[in-house]
Amino acid sequence: MLPLTAYRRRYIVIEPSLPSCCRPPTEMANHARRRAATTACFEQDDVPYQSATRLHLLAPGPFGLDEDVDGRRMQRRWRTSTKAPIDEDVAQVAASNLPAQGCPRAPGRSRTSFHVFDHCYASAHPQRLRAQPWSSTVVTLALALMLMLFATTVNAVTTVRLFLAPATPGQEAEQSSSIRPLLDAWESTSGIHVELVWNSGINSNERLVQAQAAIGTGQSSNVDVLIYEYHWAGILADNLLDVSPLIPASDLHAHDPRALAGITDESKVMGLPLSTSYTLLYYRTDLLAKYGFSGPPRTWPELEVMAETITNGESATDPTLIGYLPQFMSNELLTTNLLEYLAGSDAGALLEPDRTLSSFTTGSKYAAVLQVAQRVRKWVTSAVVDATAVVADEMVSGMQWGANNVVMMRFSPIVPNRVAPSGTSVTWNVTQLPGEKVRGASTLSGVAAGVVRGAANVTAAAQVVRFLGSAEFQKAIALQVGVMPAVPSLLDDPDVCRMIMFCHVYKNVTIVHRPSLIAGQKYSQVSQAIYTQWSDIISGQATPEVGIDNMNRQIATILDIDLLGNPTNPTWTDPVVITMVTISLGGVIGLIATSVLLFQSRAAPKIQRAPWLLLSVMQLGMAIALVHPLVMAGVPNSVTCVLQSWQLATSHTLMVGGAALRLFRCRKMFRNTFAKHIVILRDRTVVRVMLFLIAVDTFLLSIWTGIDPPRPVDTKRATWRYMTCKSQGDAAGIPVFVFHGGLHLAALILAARSHPARKVFPDAQALALGVYNTTLLMALVLPTRFFNAIGLPIQYAATAVALFLTTGVFYGLFIFPHLRTARAFRRGERSTSGAGAAASAEARRSPSSGGGAGRASGSAAETAPGLKRKTSGAAALVRPPPAANADRVGLVSYCVARSRWWLPYAAWQGAKMHLFPGLGMLVLEPSDSADPRDTGHVIDLASITAVDATEMTARNPNSTTPAAMDSSMSLFHEHVFRVTTTLIVVDIMAASPGEAAAWVEALALIRAAHAAATAAPARSSNAALRRRQPRAPAVSMRVPGRSSSAAGRVRSGSALANAVAGAAGRGTPKAAR
């Protein structure tokens, strides 16, 4: 801790916490007797102070105007230098230097709760606390005023540094001698001294680099005023100030508005024009008159004719004569030449004000620009332009013109009166540049003056710019040097026109601006791209088409311009989209109306037999497919990209998956003898498989769109672009495509294999045609998605038409026949009278007259596929029980599998079933001998482990409604019973519930008899032989050439089948063996 003496240059203020201590000495004497109730106080200059609670360092402020820590002015005019309290040790040291005396404490108040008063201050250095006298303040103010007046007197002359380049490199002294007197004269009246800083660059690019170095970054600059070329305005825009608030509007309006526009970026005026340089056509009047031309050319074709005619005529005497001399050197001059040629043909400015490239292949000016490029190239290859033009700049052109080697020349001189051919016999003149649509195109050239951002004195710099842009200064320069002024009124001055010549031509030129302000700081790169590519076109290194395309692409890259424009995706306003969307909405409305009509006609018998699940599923898939063109319209986003994938995948699963399941069902059931005439097929397996397909599809789509969803991708082509949907990788989407590819392949296989079922199930043919049509359309449409030459509208239309055709084929072949049935039913229902409806209901309630119940076995004629009558269950129940050893035969349908889990997927087959109790076997002889794959089955009765059937009482015996059958759960159908063996499981369908019950009862009796015989003692040699030679339960017989399993297969018409048939006819099992 520093001692108190360390703060000798500062002051210590003690803030008391008891205002009663701050009393005059007379009041303190009255309280002297109350010593016990007082606290220690400090006294300085007979003013008591209580013990210090806060001490602050104070420093004197100027003019004695001091404030405390809270900004309140103190009576003694001191202010604190810091608000931080001094440590207690310092406070104690300070307090110890002050004499203490008693001071009463205010009754009833805590010492720490009293306020601080401004007038209670004490100091360890009272000599420092003396108030400054007012006289010292007055003296201080007087000295400050004198200093200000002195500074004003010293700075009476302000210096402004002017950065400029000479008209010709190396002529700084000559040019300085011309303008220095003008500046000195103006300095005497304005008080502003202009210091000249010369730019030593040889060409425009070097001068630009030095100018950028001189003006710095804009925060501070080495110069105040910059004289710059017009095409630098965009490059230096951030370093130049807006002079419109600094210069009167009258001075701005006095300048050529065409020149002022070249340095005005929107509303920012970056200086005043100082001089201009217009492009003119210099021509030899003597040569034109010699060859019969009355005047200069007005169009470029006229110029070509004149140049070729004169050069051919003068080739004998002057073979080096040049017909037309432009400046085609690969630099900024070539850019200015091209802009003038393009303007004459109304071909745009390459880079338009809206930052579009009009000369691009899809641009509005491409054809005109291409024509100009072809013309310029033809000049070089013909006698119009000499090879000198390829390497010519303005200096070379001036030299050739001065040597009388040029007939016509494009030229933009800085000092026009210095350009003249030699010789007294040579006559010449100037005119505007030719042009097919615009004559007199001239690229703006010259210089302007601007105020640099970061100038030391902006106001003085603006005054210098105003003086340089004045008519007086420009007239003086024009008369002295011959530079063309930028004030239009000077073109009417006879003295000026006598000096610069051709004022009448200058007034009529058409100014062409270089795209400097549009390109901004990157104009140099843009100009380089222009003259580099056009130089290749002129020299033949690139064709006009390739050169123009390369130029536009380079400019687009430099300026980050979207060269291809907006995406060309079909929008809602395109006629193609409107047409397809209208068709889509019409199709969806038609599907809704179809569903409503089918639901209202659900009581029709044919509608009841229809596959309702597949109808509903496929209609839903069609509706989703029809809505897809609506989602495809417009530019896709992240939502529509995902939605498109879900739509296509889901519609494909519902339509093609539903068709595949229906085809599988037809193939499974078409050989069933009773499938069409006895039962209504309601397959629960189809439901389960359809739900499984939907679940798998949903799961795969969820993974795909969750991990790597399709996103909008900007796809660019040579001349256009469009937005498409694509995932970042292919791994997440591969399972989806594999699943749908496999599903479609399965549908094709089922369509081919279910061809025989079309006679029984017309749906099979319709669905097969639908699958074939879908495959064909996919093969035709999918390549168009990658063939962009046809255009996006055609791609969109092709995709939409493919979806329409797919849904139309499925609808027309599969759903429309049911719709016709529904409509016919509705018309018939409306035309039926109430009495007819009552009679029909009574007929349906009457019992059927089935006559086959009392017969021993089902008749083949009654159970044939063409049979219209069905045996009732009631008649079957009163049939007498068959004998245990009686042979049976009947027409059945069956399906067989090695497990009950695979049984729902096994195909039904028609067969004639033979039961031979004596032989101990059940034979299923195929009824369709044309199918070589169906060889029948032979079942050993001993291998049967169970015979299951539905209870006959579960069905109303008086009902005439066709029984509902589930081919996958056939056990619960009255027509079907299941035979389970040790190796196979067989579902057998009889012609009627009674027939099924008879077969079940016969098998039960045989199994019971066989069990009794096995348990009883052997009474015959055969029985003893069977006991001595036990057989495996799964083996019933051996068929030569085939396996000896309980399910040995036998072909219809074989020797074994004939033997079984003969044994059944004789009734002697022994003979049959």
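Consider just the alpha-carbon atoms of segment 579-825 and return their Rg together with their Dmax, both in angstrom.
19.2, 67
Hey, how many Å between the Cα centroid of segment 725-769 and the Cα centroid of segment 404-432?
For segment 725-769 versus segment 404-432, the Cα centre distance is 83 Å.
Which order do Ile555, Ile734 fall in if you start with the one that has the fewest other Cβ atoms within 10 Å?
In increasing order of surrounding Cβ atoms, one gets Ile734, Ile555.
Run the quick spin-label model on Ala142 and Trp198: label points 7 Å from Cα toward the beta carbon, then report their separation in nm to one decimal.
Using points 7 Å along Cα→Cβ, the separation is 5.3 nm.
For segment 163-276, what is the convex hull volume of the alpha-carbon atoms per residue, in Å³?
123 Å³
Give me Val738, Val656, Val415 sorted ascending by neighbouring Cβ count inside 10 Å, so fewest comes first.
With the sparsest Cβ surroundings first, the list reads Val738, Val415, Val656.
Give the order of Thr775, Thr799 when sorted by the count of other beta carbons within 10 angstrom, beginning with the fewest.
Thr775, Thr799
Calculate the FRET efficiency for Arg711 and Asp238 from the Cβ-Cβ distance with a Förster distance of 41 Å, rounded to the nearest 0.05.
About 0.65, to the nearest 0.05.
What's the lysine pair count for segment 579-825 at a Cα cut-off below 25 Å, pairs eight or more apart or interchain?
7
Can you pick out the pairs among Lys437/Lys522; Lys437/Lys507; Lys378/Lys437; Lys365/Lys522; Lys475/Lys522 whose Cα atoms lie more than 26 Å from each other?
Those over the limit are Lys437/Lys522; Lys475/Lys522.
Read the figures in this text as sums done on the coordinates, not as results from a lab. Quantities reported herein were computed from a predicted structural model and do not represent experimental measurements. Counting neighbours? That spans all protein chains shown, and the Cβs are built from the backbone with ideal geometry, glycine included.
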